[in-house]
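Read through the structure below, which is laid out as structure tokens, and then see the notes.
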Amino acid sequence: MKTILPLALTLLIIPEAMVAQAPTPPRPAPIVSPETHDGKIIFRVAAPKAQQVSLKLGGRKESSPMQKDERGIWSVTLEGLAPEIYEYQFDIDGYSTLDPSNAWLKAGLRPNWSLVEVPANPPEFWEAQDVAHGMVTMHTFQSKALGTWRTVRVYTPPGYDRQPDAKFPVLYLLHGSGDQDDGWTVVGRANLIEDNLIATGKAKPLIIVMPSGGYPREAGHENDFENDLLGVIAPLVEKHYRVASGAANHAMAGLSMGGAQTLNVGVKHMDQFAWLGVFSAGARDNYAETHGQFLDGANDKLQLFWLGVGEDDFVRQSEMKLEDLLNERHVRFSSHLSKGGHTWTNWRHYLHDFLPLLFQMPSSEVDCS
């Protein structure tokens, strides 16, 4: 006796080989961008409907026009680039955008730059080298000023854990307004710079504290950063780390906004910080009125007042006003004018020059307060 199957079930058991297979369209090859070769970088982005696309490289005033191929992929090649970490973005018909093919972006409050590195051979001072490396630890704390949770990153030098009885000087290193507490490690490479300087005997082993420095700018919040730094962050660091005591073992430095914070908090508290570094920042018009009383005692308290700025930096004029004020007050300081502008290229170099000068004193426990 034959079994007669319903038509619907019959269709379900038709051999697969008898079913016509629709051809699968080939997938387009992934776009490689950026592509680096011996100081040459090729940038690519797909924008088939765009009328005009250009590349903006951080630190360059002029953009580089890109050319479109038959697939709608725009590209440009830059050659002769010096070893460096470069920021870049695409301008597509007037709209600035990240590189969608590159996962490495400059993190921060407003991430709108992609990053690419041209490595050096031999490695440069900010690159990882075959030396002993320190450790960067992230701590979470509650801001008393804001009532919110924030983070701070702390670098400890190589061998820190193997020296349980040793105390180390500390540098509070502050970022700029567009960055967060990872700015000095991800882009600034502060930990690698210090590792390499220690390995060559050019800098003393120290602890570097990198807090999140962005606070509201509205009225009533003027002292939030200062209160958290001195009232929460510094006690946290001194509780968890072996920090040498006294102002002579404490330094503060920062770039741009962090430089302004150093000029504010560091100068007001020279009894706690005897080494100050100001990168790409200057004095506001009323700085003499608000901080003149502190500057009058600077020579008796400060071991170092270090200023660095680029000749094309937009804060150059305010930095010159700061120099004029310091000269009027007869405050000793060290000024360094470099090429370039308001860029991480300069700030890495400033830190590299600044670190070897720190804590160069006969005793590691001298207190100059």
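Observations, loosely collected:
- Inter-centroid distance (Cα atoms) of segment 251-300 relative to segment 310-342, Å: 13
- Summing charges over all other residues whose Cβ lies under 14 Å from the Cβ of Asn286, with Lys and Arg as +1 and Asp and Glu as -1, gives -1.
- Amide H within-cut-off set for Phe168, under 5 Å, with H built and near neighbours excluded: Val243, Ala244
- DSSP-defined antiparallel bridges as percent of all bridges, segment 118-272, nearest 5: 55
- Accessible area (Å², per residue) of segment 185-338, counting only protein heavy atoms and a probe of 1.4 Å: 41
- Where both bridge residues fall in the chain, DSSP classifies roughly 60% of the beta bridges as antiparallel.
- Measuring between their Cα centroids, segment 142-176 and segment 212-245 lie 11 Å from each other.
- Proximal lysines relative to Lys339, as straight alpha-carbon distance under 22 Å, when same-chain residues fewer than 8 apart are discounted: Lys56, Lys61, Lys321
- Dipole axis of the chain (+1 Lys, Arg; -1 Asp, Glu on Cβ), positive-most option in Gly159, His330, Ile42: Ile42
- Helical contribution to [θ] at 222 nm, DSSP H n ≥ 4, -39,500 (n - 2.57), averaged over the chain, rounded to 500: -5000 deg cm²/dmol
- Packing rank of 176-184, 320-328, 60-68, where each peptide gets the mean count of other beta carbons within 10 Å, highest leading: 176-184, 320-328, 60-68
- Simple spin-label estimate for Glu323 and Arg284 gives 2.3 nm between the two label positions (7 Å along the Cα-to-Cβ direction from each Cα).
- Helix 316-328 vs. the chain, principal-axis angle (Cα, 0 to 90°, nearest 10): 10
- Cα-based helix-to-principal-axis angle, 344-354 vs the chain, degrees rounded to 10: 40
- Total charge dipole magnitude, the chain, about the Cα centre, Cβ charges on Lys, Arg, Asp, Glu only, Debye to nearest 20: 900
- Segment 243-352: C-alpha gyration tensor shape, a/c 1.5 cut-off, then a/b vs b/c: oblate
- Cβ-defined net charge surrounding Ile233, 15 Å radius [Lys, Arg +1; Asp, Glu -1]: -1
- 10 Å beta-carbon shell around Ser177, net charge (K/R +1, D/E -1): +1
- Between helix 190-199 and the chain: long-axis angle, C-alpha atoms, 0 to 90°, nearest 10: 60
- Taking amide H as placed 1.01 Å from N in the peptide plane, Ser256 has its amide H under 5 Å from the amide H of Phe279, Ser280, Ala281, each at least 5 places away in sequence or on another chain.
- Segments 222-230, 253-261 sorted - mean Cβ within 10 Å per residue, highest first: 253-261, 222-230
- Ordering of 332-342, 151-161 by burial proxy (mean other Cβ atoms within 10 Å per residue, highest first): 151-161, 332-342
- Amide H to amide H distances under 5 Å link Glu84 with Val118, where only residues 5 or more positions off or on other chains count and H is placed in the peptide plane.
- Separation of the Gln67 and Thr97 label points, Cα + 7 Å toward Cβ, nm: 2.2
The values are calculated or read from the model by the stated rules, or taken from the named source; none is laboratory data. All of these numbers come straight from a predicted model, not from anything done at the bench. Reconstructed Cβ throughout: ideal geometry from the backbone, glycine too, with neighbour counts over all protein chains shown. Areas reflect the complete protein model, heavy atoms only, side chains present, ligands, DNA and RNA absent. Shrake-Rupley method; radii C 1.70, N 1.55, O 1.52, S 1.80 Å.
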